[in-house]
Amino acid sequence: MRALALLSRPARRSTLSAASSLRTQVCPPSLCHAPGGAWQRMMFWLLAPAPHDAAPPLSRLPSIRTDFLATVADVDSSEADALRRRIAGSASLRELWHLRSEVYRVIGLACSQSEADRRLALLAHHFPSRAPRSPRAAL
């Protein structure tokens with residue numbers, strides 16, 4: 001009898017999973033960098049299986065580092081100073097991608113979680129992203 005009662009209940013869906021599935025996912029950048037010069041672009045086009053998935057060229061790295069440093073510029077703590085040194089010493093976009101959690105933590109402790117969310121969202125455009133899955137995909 002109890003089994004019938006369980007079967008007749010309407011299925012409940014978690015609102016947490018539906019809300020989180022609508023968030024755009026930021027993905028790690030590729031280990032392969034897009035080429036800078038014309039000859040390198042031609043060779044990359046010939047040899048690479050998916051050039052659109054490549055990380056931006058290394059020439060863009062200094063401006064991305066500057067954006068990261070600006071994100072934590074107003075935070076005054078020893079942890080923020082150590083983070084700024086790690087950002088300045090980063091050699092690739094992938095290293096910066098891995099530093100996002102530390103940026104979030106330092107800003108969250110100094111300001112608030114909502115401020116950390118806002119500032120991290122400003123950095124998201126530097127990384128590849130996936131569109132949110134439709135709520136029907138979970139069914």
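Each value in this text was obtained by applying a stated rule to the coordinates, not by laboratory testing. These figures come from a predicted structure and were not determined experimentally. Cβ atoms come from the backbone with ideal geometry, glycine included; neighbour counts cover every protein chain shown.
What number comes out for the charge environment of LEU61, summing +1 per Lys or Arg and -1 per Asp or Glu over other residues with Cβ under 12 Å away?
+1
Once you keep just the Cα pairs under 8 angstrom separated by 6 or more residues, what percentage relative contact order results for region 60-126?
Numbers: 43 pairs, mean separation 22.0, N = 67.
Reported as a whole number, the value is 33 percent.
In a shell of Cβ-Cβ distance under 11 Å around ALA73, excluding ALA73 itself, what net charge do Lys and Arg (+1) and Asp and Glu (-1) give?
On the way: positive: ARG84, ARG119; negative: ASP67, ASP74, ASP76.
My count for the surroundings of ALA73 gives -1.
Quote the charge dipole size of region 60-126 about the Cα centre in Debye, to the nearest 20; the model charges only the Cβ of Lys and Arg (+1) and of Asp and Glu (-1).
Using only the charged Cβ atoms, the result is roughly 300 debye.
In nm, to one decimal, how far is the ASP74 label point from the ALA88 one, both placed 7 Å along Cα→Cβ?
2.2 nm
Order by neighbour count: SER112, SER78, fewest other Cβ atoms within 10 Å first, most last.
Sorted ascending by nearby Cβ count, the order is SER78, SER112.
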